[in-house]
Amino acid sequence: MAAIRTDLAMESFENADSGAVPGVRVSRWENGGVDITEVFIDENEAARLLDKPRGSYLTLETPRLRQRDPDARLAVSGLLAEEIARLLPEDDGRAPAMVVGLGNRFITPDSLGPGVVDRTLATRHLMNEYRSSNLRSVCAVAPGVLGVTGIESMEVVESLAKAVRPRVILCVDSLAARDSRRIGTTIQLTDTGIQPGAGVGNHRRPLTRETVGAPVISVGMPTVVYAATLARDAFGWLSAQDGDPEPHEDALNDMEKTLLSSDIGEMIVTPREIDAIVQDAAGIIAAGINRALQPGLSDAEISAMMD
């Protein structure tokens, strides 16, 4: 049976048949108008059921991001910085943090990772000159995609990790959502690493502590949904508009799974304003990463060094 595809652990949990999965702990709270959900998977069977590795998945969600609300942007980037900082290993003053922007910069919905790298303050080459300052060592790379470079992203990152020996790797990638309302409104942060291309069915080698020899933190925002999922939601909406009070969840789920097994099911959909969504998201995520990796610098100092 074809599975409903989503990169968001909170959606995998919501879509679980039982509604409550043993071995999964879920916490929800609100901070500054941002809804926060943490899904912690601590058992192998739960990881298999949700098709997500064991670990912590934190989502920050507010529809005001799609409205380009400046207060929401500041709130989300600030919360993201706090949560990334909480996951970072101790800085020994020698090993850099490495930011990896996954995706294809020439395809807008897939260009989030390279966009974040373009806005990341890279300082590793400056450390000899500023060793006594508050500057922390950071390097950043966008390795491209297999279809363009002929090289797996994992192969590039693994080689760089051997040369640079980072204390932590932060991977940024575009995600796929189950609910179209989460496109451009939700950011997921996890300590489990990442599998490039998983959201659109391209199963590549994963980027994890085991494969690259350093802790891997991944950050992403949904930029696409599957056409089958959108069709399911559209039929449900039309049924409700016709005055049908029944949700017909079983029939809609069966329709979606049938579509997922067809050519239609492989199609992905993105909003027409995706260029603005990705540009905004790259700025928000980069701001959070820069604040977390450079705690000794103010926002103004970071901005000045980026110019």
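Readers should treat all values here as calculations from the given coordinates under stated rules, not as data from a laboratory. Model, not experiment: these values are computed from the prediction. Virtual Cβ from ideal backbone geometry, glycine too; neighbours counted across all protein chains shown.
Here is how the numbers come out for the structure above:
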| quantity | calculated |
| --- | --- |
| 5 angstrom amide H check on residue 138, placed H, neighbours 5+ away | 97, 123, 124 |
| Under the Karplus curve 6.51 cos²θ - 1.76 cosθ + 1.60, θ = phi - 60°, whole-Hz ³J(HN,Hα) for region 213-229, x wherever Gly or Pro sits | x, 8, x, 10, 10, 10, 10, x, 10, x, 10, 9, 10, 7, 4, 4, 5 |
| Stretch gain in nm, segment residue 205-residue 128, where the contour uses 0.36 nm per residue and the Cα spacing is subtracted | 24.2 nm |
| Among 68, 136, 291, residue whose mean-square fluctuation peaks in a GNM of the chain (springs only between Cα atoms under 10 Å) | 68 |
| Highest average packing first - 113-119, 84-90, 298-304, Cβ atoms within 10 Å | 113-119, 84-90, 298-304 |
| Rounded FRET efficiency, nearest 0.05, which uses the C-beta distance separating residue 299 from residue 235 and R0 of 35 Å | 0.15 |
| Likely footprinting exposure, 257, 52, 162, fewest C-beta neighbours within 10 Å first | 162, 257, 52 |
| Value at 222 nm in deg cm²/dmol, rounded to 500, when DSSP H runs of n ≥ 4 in the chain each add -39,500 (n - 2.57) | -11000 deg cm²/dmol |
| For the chain, share of DSSP beta bridges that run antiparallel, in % to the nearest 5 | 60 |
| Distance in nm between pseudo-label sites at residue 273 and residue 15 (7 Å out along the Cβ direction from Cα) | 2.6 |
| Amide H contacts under 5 Å for residue 207, placed H, 5+ residues apart | 194, 195 |
| Burial ranking of peptide ranges 28-37, 148-157 (average Cβ count within 10 Å, highest at the top) | 148-157, 28-37 |
| Simple spin-label estimate for residue 28 and residue 181 in nanometres, 7 Å along Cα-Cβ | 1.1 |
| Karplus-derived HN-Hα couplings along region 5-10 (A = 6.51, B = -1.76, C = 1.60, θ = phi - 60°), whole Hz, x at Gly and Pro | 8, 7, 8, 8, 4, 5 |
| Difference of contour (0.36 nm per residue) and Cα-Cα distance, residue 148 to residue 45 | 33.4 nm |
